[in-house]
Amino acid sequence: MIELLFVTCLIADPGQCTERSLLFEARSGLQDCMLSSQAELVRWVETHPKDQVVHWKCRYADKDERAA
């Protein structure tokens, strides 16, 4: 699995930030995630208008880390 890991902060309180992630099937690898991530983030922001994305990256999802 490929993970789009991103950090959002509240527009009204930029110091209040949350790490979030979306999972993708690893069909085309990290490059596919990099190409589609901006569109995915736009859709996410449209449904969360009080948040802004401040950082994002694509990586291979670590099953051990997600279980913690």
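Which members of the range 1-26 meet the condition of being small (Gly, Ala, Ser) and either in contact with a helix residue (DSSP H, G or I) (Cβ under 9 Å, 6 or more places away or on another chain) or within 14 Å of ALA61 (Cβ to Cβ) (or both)?
Hits for the range 1-26 are SER21, ALA26.
Go through the range 1-56 residue by residue and tally those that are touching a residue at least 12 places away in the same chain (Cβ under 8 Å), loosely packed, with under 12 Cβ neighbours inside 10 Å and among the basic types (Lys, Arg).
1
Of all residues in the range 1-55, count the ones that are in a helix (DSSP H, G or I) and among the aliphatic types (A, V, I, L, M).
7
Please go through the range 20-61 and give me each residue that is out of contact with any strand residue (DSSP E or B) (no Cβ under 8 Å at 6 or more places or on another chain) and basic (Lys, Arg), ordered by number.
ARG27, ARG43
Of the numbered conditions (1) touching a helix residue (DSSP H, G or I) at 6+ places or on another chain (Cβ under 6 Å); (2) at positive phi; (3) of a type outside the set (Asp, Glu), GLY29 fails exactly one; give the number of that condition.
The number of the failed condition is (1).
Would you tally the residues in the range 36-68 being among the charged types (D, E, K, R), farther than 18 Å from GLN16 by Cβ and at pLDDT 90 or above?
Qualifying residue count, the range 36-68: 5.
For the range 2-20, check the following and say yes or no: at least one residue is at pLDDT below 90 and at negative phi.
Yes, the range 2-20 has at least one match.
The values are calculated or read from the model by the stated rules, or taken from the named source; none is laboratory data. Quick caveat, the model's predicted, so the values are computed rather than measured. Note that we place each Cβ from the backbone using ideal geometry, even for glycine, and neighbour counts take in every protein chain shown.
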